[in-house]
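The values are calculated or read from the model by the stated rules, or taken from the named source; none is laboratory data. Quantities reported herein were computed from a predicted structural model and do not represent experimental measurements. All Cβ positions, even for glycine, are placed from backbone atoms using ideal geometry, and neighbour counts span all protein chains on display.
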Amino acid sequence: MKKHLLVIATVFVFGISVMGCATKGDLQKAQAAEQQANLKADEALKAAQDAQAAAAQASQAANQADQRAQAAEQRADVAEANAEKANAAFNGSMKK
């Protein structure tokens, strides 16, 4: 009975050790999967960097547009003040 248990235990341990070993094909598949994952990660990183650069350019363009709008508003205020002065001068000359 002890011999049978020893043989069964030996076969069981041998079977587990054989099943736990990876073959060259398994290692190559794992390496290929790792390379694919690295490639996808690199592509995602590049896309994120491109998006960040585009966002920075858009922010800069928005700031420039805001500055131009403020400058145009100031010029419009000056033009309106000049128009009011000219209108007042015209009305003053018409009264004489």
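Rundown of residues vs (1) in a helix (DSSP H, G or I); (2) surrounded by 10 or more Cβ atoms within 10 Å (Cβ to Cβ); (3) modelled with pLDDT of 95 or more; (4) acidic (Asp, Glu), yes/no style:
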| position | (1), (2), (3), (4) |
| --- | --- |
| Val7 | yes, yes, no, no |
| Phe14 | yes, yes, no, no |
| Val18 | yes, no, no, no |
| Gly25 | yes, no, no, no |
| Gln35 | yes, yes, yes, no |
| Asn38 | yes, yes, yes, no |
| Ala44 | yes, yes, yes, no |
| Ala53 | yes, yes, yes, no |
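Restricting the search to the stretch 63-96, which residues are among the polar types (S, T, N, Q) and modelled with pLDDT under 95?
First, the residues of the stretch 63-96 that are among the polar types (S, T, N, Q): 63-64, 67, 70, 74, 82, 87, 91, 93.
Asn82, Asn87, Asn91, Ser93, listed by residue number.
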